[in-house]
1. For residue 10 and residue 39, FRET efficiency with R0 = 22 Å and r from the beta-carbon atoms, rounded to 0.05?
2. On a 0 to 90 degree scale, rounded to 10, what angle separates helix 2-11 from the longest Cα axis of the chain?
3. How far, in degrees from 0 to 90, does helix 44-58 lean away from the longest principal axis of the Cα atoms of the chain, to the nearest 10?
4. Just give me a number: lysine pairs in the range 2-65, eight or more positions apart or cross-chain, with C-alpha atoms less than 15 Å apart.
5. If each DSSP helix of 4+ residues adds -39,500 (n - 2.57) and the sum is divided by the residues in the chain, what number results at 222 nm, nearest 500 deg cm²/dmol?
6. In percent, what relative contact order does the chain have, based on Cα pairs under 8 Å that are 6 or more apart in sequence?
Amino acid sequence: MENEILKSLLVDKMPYGKYKDTILAKIPVSYLEWMAREQAFPKGRLGMQLHTVYEIKINGLERLLRN
């Protein structure tokens with residue numbers, strides 16, 4: 001299950017906004033920090049994915065996102 005979530009971060013794209021069509025794993029940490037600060041993570045799967053990318057990036061675990 002965990003591998004599937006990580007794989008989805010490397011394939012799925014942001015469906016709207018400033019980073020529309022950007023692979024989730026490539027969204028800049030500054031944008032994810034803004035979302036966290038403003039409590040703007042969407043609900044559901046996309047919110048979980050974006051929050052996961054945020055946690056990976058702020059904790060220096062980007063190696064998890066490498067193929």
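Quick note: the coordinates plus some simple rules give every number you see, no bench work behind them. The structure displayed is predicted, hence computed values, not measured ones. Positions of Cβ are backbone-derived with ideal geometry, glycine not excepted, and every protein chain shown enters the neighbour counts.
1. The value I calculate is 0.30.
2. Taking the Cα atoms of the chain, the angle to 2-11 is about 60 degrees.
3. 80 degrees
4. Going through the range 2-65 pair by pair, I get 4.
5. -15500 deg cm²/dmol
6. 29 percent
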